[in-house]
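For reference, the structure discussed in these notes is given below.
Values in this text are rule-based calculations from the coordinates and carry no lab data. Quick caveat: nothing in here was measured; it's all calculated off a predicted structure. Note: ideal-geometry Cβ built from the backbone for every residue, glycine included; neighbour counts use all protein chains shown.
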Amino acid sequence: MSSSVANEANGPTAVEYIQHHLHNNSIGDGGFWVLNLDTLFYSWLLAGILMYIAYTMGKRMTADTPSGGQNVLEAIVEFVQQQIKDIFPGSNPLIGPLALTIFMWVFLMNAMDMLPVDLLPSIGQLLGIHYMKVVPTTDLSTTFALALSVFALIIYYNIKIKGPMGYLKMFLFHPFGKYLIPVNIVMTTIEEVAKPISLGLRLFGNMFAGELIFMLIALLGGASLFGLVPQIALGTVWAIFHILVISLQAFIFMLLTIVYLGMAHQEIDEH
Amino acid sequence: MSITATLIGQMITFAILVWFIGKYLWGPMTQMMDDRKKRIADGLAAAERGVHEQELAEQRAAEHIKEAKEQAAGILAQAQKRGAEIIDEAKIDAKTEGERLITAANAEIEQEVNRAKESLRAQVVDITIAAASKIVKKEIDAKAHGDLLKDVVGQL
């Protein structure tokens with residue numbers, strides 16, 4: 001962090017520094033065809049690492065003498081399994097891999113936050129890449145990709161379990177019974193739409209804010225030499241606190257996915 | 001926030017990742033963990049069964065030992081009884097045999113005594129006759145007096 005961009009003599013101002021760091025390296029026409037290359041690169045890199053770990057571990061694991069990485073993965077898998085068992089009614093072969101993937105992938109993407117804010121962008125600068133957002137979950141495209149995928153599954157399973165009529169009835173008669181149908185429609189629609197929005201925005205907000213605070217802390221050291229001490233102290237405290245935040249956000253995303261899909265799997269209760 | 005190719009790309013990535021992790025990690029691992037759980041449960045049940053069987057075997061062994069002891073005691077008692085019986089029988093046999101031998105001996109002795117008496121009688125007659133004939137010389141008719149003497153001897 002000592003190699004802060006703001007440290008340079010004729011460097012950018014604090015505002016420019018922050019804006020620069022919050023800028024995705026994107027190509028496209030600004031409409032639909034926008035590709036955030038940094039987001040895609042880091043999320044694919046992490047997805048690739050996950051796939052590699054999953055593949056090698058899946059091939060290598062033994063039932064008799066588990067060791068090292070297998071123990072860690074088993075602990076995670078068992079943890080996710082336990083959450084599903086506690087929350088999810090019935091059984092669905094998709095829910096396990098879904099929850100596990102969300103937990104691990106989101107955690108890894110969040111964990112990019114733990115790297116010094118300027119480390120990878122500075123390397124990028126040297127290689128001629130001028131914009132780089134390292135944490136994929138500070139990009140709304142990523143969080144909403146997850147949230148909307150979950151939302152699609154919510155709708156799919158609502159219709160599959162409750163039937164199209166049952167799903168419609170949920171909008172008409174829930175939560176206030178048959179005499180307040182217009183209110184019910186509005187209420188249920190808000191309730192349903194709030195699910196993906198809250199999922200996506202919660203993760204994005206937490207990660208974005210965390211990243212922003214890392215940048216502000218980095219700016220402290222850039223402002224003056226005396227700023228170095230609070231920069232190191234605050235950076236350490238915030239990084240330690242952030243370990244909690246990144247795990248918690250990954251866990252919450254996973255848990256809410258299970259909860260929402262569990263609600264989709266419940267038969268509608270008649271009023 | 002607008003719908004962009006990045007969003008779609010991330011959704012596709014997510015779908016592929018879910019499929020991949022489900023196929024190569026979640027599936028095999030949950031399967032393996034279930035199998036292991038079952039194996040552990042089986043093993044514990046088998047151990048329990050083994051302990052139970054050992055208990056049963058110990059019980060059976062104790063029963064066998066008890067039975068054997070009882071049998072041995074029975075055999076011993078029988079043997080002692082039989083021994084006593086044999087001794088008693090032997091005693092009785094010996095007693096009767098002894099008695100028999102005594103009576104036989106007694107009978108023989110009597111016979112011998114009788115025979116001795118007989119021969120003694122005969123000899124006494126002869127001696128008496130010889131003596132008498134020597135005393136009275138030839139006056140005495142051996143035949144006539146012989147009868148008389150025999151009479152006398154028979155009274156002895």
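Output ³J(HN,Hα) for the stretch A:249-261: one whole-Hz value per residue in order, computed from phi by the Karplus curve 6.51 cos²θ - 1.76 cosθ + 1.60 with θ = phi - 60°, and x for Gly and Pro.
Listing the rounded values in order: 5, 4, 5, 5, 4, 5, 4, 5, 4, 5, 4, 5, 5 Hz.
Defining a contact as two alpha carbons under 8 Å apart and six or more residues distant in sequence, what relative contact order in percent does the stretch A:111-204 show? Display every interim value, and only then the final one.
Numbers: 71 pairs, mean separation 27.9, N = 94.
For the stretch A:111-204, the relative contact order is 30 percent.
Counting pairs of alpha carbon atoms under 8 Å apart in space and at least six apart in sequence, what relative contact order in percent does chain A give? Please list the in-between numbers first.
On the way: 281 pairs, mean separation 75.4, N = 271.
Across chain A, relative contact order equals 28 percent.
What average count of beta carbons from other chains do you get within 10 Å of the Cβ of residues in A:139-149? Present the calculation step by step, with values, prior to reporting the outcome.
On the way: counts 3, 5, 11, 7, 3, 7, 11, 4, 1, 6, 6.
Going residue by residue through A:139-149 and averaging, the value is 6.
Find the eigenvalues of the gyration tensor of the Cα atoms of the stretch B:5-154, then list the square roots of 5 times those eigenvalues as equivalent ellipsoid semi-axes, largest first, in whole angstrom.
On the way: eigenvalues 3421, 28, 8 Å².
Over the Cα atoms of the stretch B:5-154, the ellipsoid semi-axes are 131, 12, 6 Å.
Using a Förster radius of 60 Å, what is the FRET efficiency between residue A:78 and residue B:77 based on their Cβ-Cβ separation? Nearest 0.05, please. Can you show the working numbers first?
Numbers: r = 69 Å, r/R0 = 1.14.
The value I calculate is 0.30.
In nm, to one decimal, how far is the residue B:66 label point from the residue A:198 one, both placed 7 Å along Cα→Cβ?
7.1
Would you kindly calculate the translational diffusion coefficient of the stretch A:72-195, applying Stokes-Einstein with the Kirkwood radius from alpha carbon pairs, for 4 °C and a viscosity of 1.567 mPa s, and quote it in µm² s⁻¹ without decimals?
On the way: Rh = 17.9 Å.
In µm²/s, the coefficient is 72.
Arrange A:64, B:35 by Cβ neighbour counts within 10 Å, fewest through most, would you?
Working: A:64 6, B:35 11.
Ordered from fewest to most neighbouring Cβ atoms within 10 Å, A:64, B:35 come out as A:64, B:35.
Provide a whole-number value for the mean count of partner chain Cβ atoms within 10 Å of the Cβ atoms in peptide B:114-124.
0
Give me the tail of P(r) for the protein assembly as shown as a percent: Cα-Cα pairs with distance above 29 Å.
On the way: 62011 of 90951 pairs.
Tail of P(r) above 29 Å: 68 percent of Cα pairs.
Modelling each spin label as a point 7 Å along the Cα-to-Cβ direction, I'd like the residue A:122/residue A:241 distance in nm, to one decimal.
Result for the modelled spin labels: 2.4 nm.
Taking the mean number of other Cβ atoms within 10 Å as a proxy for protection, how do you rank A:139-150, A:66-77, B:22-33 from highest to lowest? Don't jump to the answer; show the numbers that get you there.
Working: A:139-150: 25.6, A:66-77: 14.1, B:22-33: 18.7.
In decreasing order of mean packing, A:139-150, A:66-77, B:22-33 become A:139-150, B:22-33, A:66-77.
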